[in-house]
Amino acid sequence: MSKPNVLITFDSMRYPNTGLYYFGKSLGKALIEENDPRFNLNYFLYDTATTEFDGDGVKKIYLEKYHKLFFFNRHRIKLFHFTDQFSRLSPKKVSGKKILTIHDINQKHENTSAKALKHYLGKLGDRIYSCDRIVAISNFAASDILGYFPDVADRLSVIYNGADKLELKSGHEPAYEPQKPFLFTIGIVAAKKNFHVLPALLANNDLELIISGITSPYQDTIMEEAKKYGCVDRVKLTGPVSDDDKTWYYKNCEAFVFPSIAEGFGLPVIEAMHFGKPVFISTRTSLPEIGGDAAYYFNSFDGEDMQQVFQNGMQHFNEHNMAAKVMAHASKYNWGNTARQYLQLYQDCINDR
């Protein structure tokens, strides 16, 4: 019996150093490893991302301009998995079984106007109602989906992301090496990441703060806060960093700090926990669900309150040898489990009449 052809959209991997790029890279490799082989896997990609899957035995279908208008199903694709809610290939342009992964509805939690939110939800609903199954990457994201689209409850499931357990290459030195003990965070330097509250943690100590990620004008807001706390010389925005540099920062930081106000999952939190690091995060959106009782939480973004949470958390972490608990928590999130759940969903969806 021939194996069903499945197409998985990874066209969100256009830009390295973004969450969707790492999601696609890790899920794509895990699906190949776990397929065993039930399906013929086809990856829908920009040609710039193809090297991530070289030699892995998957068929690559490259994004073309005409795919916005139509898709010729020359490969007899049985099932399409759209791995983010606004893949360049629209569910309406294909025929066959369809699965849609939704990462978040962060617009609900940001300063989005009512008009813009309505427009966004209209486009999202168009995608949702074109698919047979919907996947959310956290229970929080699922709750947001049901808040706007309650009638999809019977075809909505939650599949958590994995998180790579990074390994530091022997002898690696980052492009910028801190001269003092440091705190680390990573993500696109944008208002929703809320990084401007972090310089408060440098008051009354000699720590550095390393912020890595694609920069934007929001970095000026961060540095204005650094001026208020007299620590401009101890706040370093590195811009995008290599995987090796990122791994070095995770391994060598005193703590990982992530005060984001809008996350569908929060991948860096688990990446840091794999190194047994104390992690300090906000109570917003999905972060308490992902961090669980292995993280410490900022009760507010008041500077003095954050300082107290940090001091108490570091004392608790060190006195109770929390590293083992943190790493055990991180081990729950692995891409093998994620891939196996998706592969089973593919089979279930194909079998549905």
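Taken together, the values in this text are just the output of simple stated rules run on the coordinates, not laboratory data. Keep in mind it's a predicted model, so treat the numbers as computed, not measured. Note that each Cβ is placed from the backbone with ideal geometry, even for glycine, and that neighbours are counted across all protein chains shown.
Extending 7 Å from the Cα toward the beta-carbon at both Ala324 and Phe72 defines two label points whose distance is 6.1 nm.
Give me Arg133, Arg76, Arg353, Arg155 sorted ascending by neighbouring Cβ count inside 10 Å, so fewest comes first.
Working: Arg133 20, Arg76 10, Arg353 2, Arg155 16.
Ordered by Cβ neighbours within 10 Å, fewest first: Arg353, Arg76, Arg155, Arg133.
Which one, Asp293, Asp36, Asp132, has the greatest fluctuation when you compute a Gaussian network model over the chain with C-alpha springs under 10 angstrom? Evaluated over the chain, the most mobile residue of the options is Asp36. Taking 0.36 nm per residue of sequence separation and removing the Cα-Cα distance, the Lys59/Asp352 pair yields an extension gain of 103.0 nm.
For the pair Ala153 and His316, the difference between a 0.36 nm per residue extended length and the Cα-Cα distance amounts to 54.6 nm. In the Gaussian network model of the chain, springs joining C-alpha atoms below 10 Å, which of Thr238, Thr338, Thr185 carries the largest mean-square fluctuation? Answer for the Gaussian network model of the chain: Thr238.
For the stretch 109-185, a crude dipole built from +1 on the beta carbon of Lys and Arg and -1 on the beta carbon of Asp and Glu, taken about the Cα centre, is about 180 debye to the nearest 20.
Among Leu166, Leu100, Leu63, the ranking by other beta carbons within 10 Å of each residue's beta carbon, starting with the fewest, stands as Leu166, Leu63, Leu100. Counted by Cβ distance under 12 Å from Tyr346, the other residues give a net charge of +3, where Lys and Arg count +1 and Asp and Glu count -1.
Only helical runs count toward this figure. For the chain, summing -39,500 (n - 2.57) over DSSP H runs of n ≥ 4 and dividing by all residues gives -10000 deg cm²/dmol at 222 nm. What does the net charge come to around Ala141 if you take all other residues with beta carbon closer than 11 Å to its beta carbon, with K and R at +1 and D and E at -1? Its environment carries a net charge of -3.
GNM on the chain, alpha-carbon springs under 10 angstrom: the most fluctuating residue among Asn337, Asn312, Asn42 is Asn312. Amide H contacts of Phe182 (H built 1.01 Å from N, in plane; Pro and chain starts excluded): Glu208, Glu254 sit under 5 Å, all sequence-distant by 5 or more or on other chains.
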